[in-house]
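Enquirer: Take this structure, written in structure tokens, and hold onto it; I'll ask about it next.
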Amino acid sequence: DAAIKAFRYNFEKLTSGANLNIAEADIDHVDSIPSYDSLSEENAGLLTETVMLKLNGGLGTGMGLEKAKSLLEIKDGNTFLDFIAKQVEYMRSSMGVDLAFMLMNSFATSKDTLDHLSKYDGLSKGGIPLEFCQNKAPKVTASDMSPAIWPAAPSCEWCPPGHGDLYPAIVGSGTLDILLSKGYKYMFVSNSDNLGATMDLKLLTWFAKTGAPFAMEVAARTDADKKGGHLARSKATGGLLLREAAQCPDEDEKEFQNVAKHKFFNTNNLWVNLKALKEAYTKYDGLLPLPV
């Protein structure tokens, strides 16, 4: 139900003719945000209330691999998944806590991923499943937005909707309710191909103290990042937002790429308050009205 509502919402937005761009005139740049260097407090008690989630739905087809991108060999026979599993084992050992760990796979990555990780005993802890899967979304034709039809290969009529499907997938699969029922309050989310993204106790402590429903780790933009999305503040609401290149009008491209003005980019390391996520889904009747 969550997946259907999300697809319908996105499709109706796409076909409505509404302006989905975020114009430069509608935002302010962000000068300062809390700095990691200013954090010092560490509350290890929060670790038992936290789950670490890796987004693992992407294939490595662009690199010649017809499997999960995380199955690419990185060093000495180890893949991304091997390093992730070893990082989890190290964190559990060094922190003295059975840190909860999960993956969000897709229908294209689930089997290969679980087969590869079967050699790591006890990777799933706390009575929660090791994975939940992204939904499948029907493809539509670019010319008239009708359903894509390919009788020779019907499976090609569907696609994984991307990591933005996190919220419908975690709700629709029942995973959010499982986590809440077992006392989990916080979730750290990062990409499976980002081995530098490990859960940091200082950031967890800060996030819990703020009471915020959501936080995004950002870093300083350089010229190498000027085509990627940036942090901004909405003039209409005063809230923070992320503007991606696809949301930028052509006439604002120069300002979009001004890294001295728009200083911060999204690392896709995210912190989610699970109770707040549940409350948001209840408030909006099973749908998060996110930007398209």
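Enquirer: I want to confirm something. Restricting to the range 136-149 and keeping residues that are out of contact with any Ser or Thr (no Cβ under 9 Å at 6 or more places or on another chain) and in contact (Cβ under 8 Å) with a residue 24 or more places away in the chain, which single residue is farthest from residue 53 (Cα to Cα)?
Expert: Going through the qualifying residues, I end up with 138.
Enquirer: Are any residues in the range 104-149 in a helix (DSSP H, G or I) and in contact with a helix residue (DSSP H, G or I) (Cβ under 7 Å, 6 or more places away or on another chain), and if so, which ones? If you could, list the steps in order and put the result at the bottom.
Expert: Filtering the range 104-149 down to residues in a helix (DSSP H, G or I) leaves 110-117.
Within the range 104-149, 112, 113, 116, 117 meet the criteria.
Enquirer: Condition first: on the phi < 0 side of the Ramachandran plot and without any contact (Cβ under 8 Å) to a residue 40 or more places away in the chain. Can you find one or more residues in the range 54-61 that meet it?
Expert: Going residue by residue through the range 54-61, those that are on the phi < 0 side of the Ramachandran plot are 54-61.
From what is left, the residues that are without any contact (Cβ under 8 Å) to a residue 40 or more places away in the chain are 60-61.
Yes, some residue in the range 54-61 is on the phi < 0 side of the Ramachandran plot and without any contact (Cβ under 8 Å) to a residue 40 or more places away in the chain.
Enquirer: Looking only at the range 41-63, which residues are at pLDDT 95 or above and assigned to a loop (DSSP other than H, G, I, E, B)?
Expert: 41, 42, 43
Enquirer: Determine which member of the set 4, 22, 33 is closer than 23 Å to residue 173 by Cβ and of a type outside the set (S, T, N, Q).
Expert: Details: 22 fails: closer than 23 Å to residue 173 by Cβ; 33 fails: closer than 23 Å to residue 173 by Cβ.
After applying the criteria, what remains is 4.
Residue-wise test of (1) surrounded by 13 or more Cβ atoms within 10 Å (Cβ to Cβ); (2) under 23 Å from residue 169 (Cα atoms).
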residue: 64; (1), (2): no, no
residue: 73; (1), (2): no, no
residue: 77; (1), (2): no, no
residue: 81; (1), (2): yes, yes
residue: 86; (1), (2): no, no
residue: 89; (1), (2): yes, no
residue: 97; (1), (2): yes, no
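Enquirer: Can you pull out the residues in the range 156-188 that are loosely packed, with under 14 Cβ neighbours inside 10 Å and either within 19 Å of residue 100 (Cβ to Cβ) or basic (Lys, Arg) (or both)? Quick ask: steps written out before the conclusion?
Expert: Quick first cut of the range 156-188, residues loosely packed, with under 14 Cβ neighbours inside 10 Å only: 156, 162, 174, 177, 181-183.
Answer for the range 156-188, where residues must be loosely packed, with under 14 Cβ neighbours inside 10 Å and either within 19 Å of residue 100 (Cβ to Cβ) or basic (Lys, Arg) (or both): 174, 177, 181, 182, 183.
Enquirer: Please work out if residue 153 is more than 30 Å from residue 263 (Cα to Cα), of a type outside the set (Ser, Thr, Tyr) and surrounded by fewer than 12 Cβ atoms within 10 Å (Cβ to Cβ).
Expert: On the way: more than 30 Å from residue 263 (Cα to Cα): yes; of a type outside the set (Ser, Thr, Tyr): yes; surrounded by fewer than 12 Cβ atoms within 10 Å (Cβ to Cβ): yes.
Judged against the criteria, residue 153 is a match.
Enquirer: Considering every residue within the range 96-110, establish whether at least one is under 28 Å from residue 177 (Cα atoms), of a type in the set (Phe, Trp, Tyr) and under 21 Å from the mean Cα position of the chain (by Cα). Even if it seems obvious, please write down each step before you answer.
Expert: Narrowing the range 96-110 to residues under 28 Å from residue 177 (Cα atoms): 96-110.
Okay, now just the ones that are also of a type in the set (Phe, Trp, Tyr), so 101, 107.
Then drop every residue that is not under 21 Å from the mean Cα position of the chain (by Cα), which leaves 101, 107.
Taking every residue of the range 96-110 in turn, at least one turns out to be under 28 Å from residue 177 (Cα atoms), of a type in the set (Phe, Trp, Tyr) and under 21 Å from the mean Cα position of the chain (by Cα).
Enquirer: Of 73, 66, 49, which residue is touching a residue at least 60 places away in the same chain (Cβ under 8 Å), touching a strand residue (DSSP E or B) at 6+ places or on another chain (Cβ under 9 Å) and acidic (Asp, Glu)?
Expert: The match here is 49.
Enquirer: Of everything in the range 10-40, what is assigned to a loop (DSSP other than H, G, I, E, B), in contact (Cβ under 8 Å) with a residue 60 or more places away in the chain and surrounded by 10 or more Cβ atoms within 10 Å (Cβ to Cβ)? Give them in sequence order. Let's see the steps before the verdict.
Expert: To start, the set of residues in the range 10-40 that are assigned to a loop (DSSP other than H, G, I, E, B) comprises 16-23, 29-35, 39-40.
Narrowing further to those that are in contact (Cβ under 8 Å) with a residue 60 or more places away in the chain: 20-23, 29-31, 33-34, 39-40.
Those that are assigned to a loop (DSSP other than H, G, I, E, B), in contact (Cβ under 8 Å) with a residue 60 or more places away in the chain and surrounded by 10 or more Cβ atoms within 10 Å (Cβ to Cβ): 20, 21, 22, 23, 29, 30, 33, 34, 39.
Enquirer: Report, by residue number, each residue of the range 78-91 that is part of a helix (DSSP H, G or I) and over 24 Å from residue 177 (Cα atoms). Working first, answer last.
Expert: Residues of the range 78-91 that are part of a helix (DSSP H, G or I), as a first pass: 80-91.
Passing the criteria: 80, 81, 82, 83, 84, 85, 86, 87, 89, 90, 91.
The values are calculated or read from the model by the stated rules, or taken from the named source; none is laboratory data. These numbers come from a predicted model, not from an experiment. Reconstructed Cβ throughout: ideal geometry from the backbone, glycine too, with neighbour counts over all protein chains shown.
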